[in-house]
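Asker: My questions all concern the structure below.
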Amino acid sequence: MRQKRLDLKLASTFDELERAIEALQDFIPTLELDEDLAYRVILLASEALTNAIEHGNKWNQKKEATLSLVKQDRRIELIVTDEGDGLHWTHKNPLEEKNRLSHRGRGQYFMREMADEVHIDEDHCKLRLVFHCSS
């Protein structure tokens, strides 16, 4: 099967983040995914980019974030990188009462719950999410 891919390089600004999300929303329909999977990919790509720009690069416009989204056969791989010091993952469940009012950690929880695989490199500056699809 033919590979479909989207590669983005963006400065760590809100405008660039919005541009990336628009590009994702335009690209996802070309993958012919079911509605649920399309929603999960866009949501988690948006969350991963936001984390890279906000927490990794700390909105430093001189630092770049990248997104690579590839669909080949029945597999989608999403890779997001930043140039920061690395984001350390929490493993708290935002649904637990003690965490319900926290404004941090929900995105990481969603990634663990909504992606089929989650991989983080050693320096915590590269996140790879894998989704398995039926078509």
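Asker: Go through the range 38-48 and count every residue that is surrounded by 21 or more Cβ atoms within 10 Å (Cβ to Cβ) and either over 18 Å from F110 (Cα atoms) or modelled with pLDDT under 95 (or both).
Answerer: Summing the residues that are surrounded by 21 or more Cβ atoms within 10 Å (Cβ to Cβ) and either over 18 Å from F110 (Cα atoms) or modelled with pLDDT under 95 (or both) in the range 38-48 gives 1.
Asker: Tell me which residues, restricted to the range 37-69, are in contact with a strand residue (DSSP E or B) (Cβ under 7 Å, 6 or more places away or on another chain), among the hydrophobic types (A, V, I, L, M, F, W, C) and not in a helix (DSSP H, G or I).
Answerer: Those that are in contact with a strand residue (DSSP E or B) (Cβ under 7 Å, 6 or more places away or on another chain), among the hydrophobic types (A, V, I, L, M, F, W, C) and not in a helix (DSSP H, G or I): A65, L67, L69.
Asker: Identify all residues within the range 109-125 that are modelled with pLDDT under 95 and touching a strand residue (DSSP E or B) at 6+ places or on another chain (Cβ under 9 Å); write none if there are none.
Answerer: Residues satisfying the conditions are M111, R112, M114, V118, H119, I120, D121, C125.
Asker: For the range 63-76, check the following and say yes or no: at least one residue is out of contact with any Cys (no Cβ under 6 Å at 6 or more places or on another chain), farther than 30 Å from L33 by Cα and either at pLDDT 90 or above or open to solvent by less than 20 Å² (accessible area, probe 1.4 Å) (or both).
Answerer: Within the range 63-76, one or more residues are out of contact with any Cys (no Cβ under 6 Å at 6 or more places or on another chain), farther than 30 Å from L33 by Cα and either at pLDDT 90 or above or open to solvent by less than 20 Å² (accessible area, probe 1.4 Å) (or both).
Asker: Does E54 fit the bill of being at negative phi and either touching a helix residue (DSSP H, G or I) at 6+ places or on another chain (Cβ under 6 Å) or of a type outside the set (S, T, Y) (or both)?
Answerer: yes
Asker: Which residue pairs have Cβ atoms closer than 6 Å, lie 6 or more positions apart in sequence or on different chains, and pair a first residue in the range 64-78 that is at positive phi with a second residue that is open to solvent by 40 Å² or more (accessible area, probe 1.4 Å)?
Answerer: Note: pairs meeting the criteria are D73/M1.
Asker: Look through the range 4-36, keep the residues that are open to solvent by 100 Å² or more (accessible area, probe 1.4 Å) and part of a strand (DSSP E or B), and return whichever of them is nearest to R75 (Cα to Cα).
Answerer: Per the stated criteria, the residue is R5.
The values are calculated or read from the model by the stated rules, or taken from the named source; none is laboratory data. Quick caveat: nothing in here was measured; it's all calculated off a predicted structure. Every residue, glycine among them, receives a Cβ derived from its backbone with ideal geometry; neighbour counts consider all protein chains shown. Areas reflect the complete protein model, heavy atoms only, side chains present, ligands, DNA and RNA absent. Shrake-Rupley method; radii C 1.70, N 1.55, O 1.52, S 1.80 Å.
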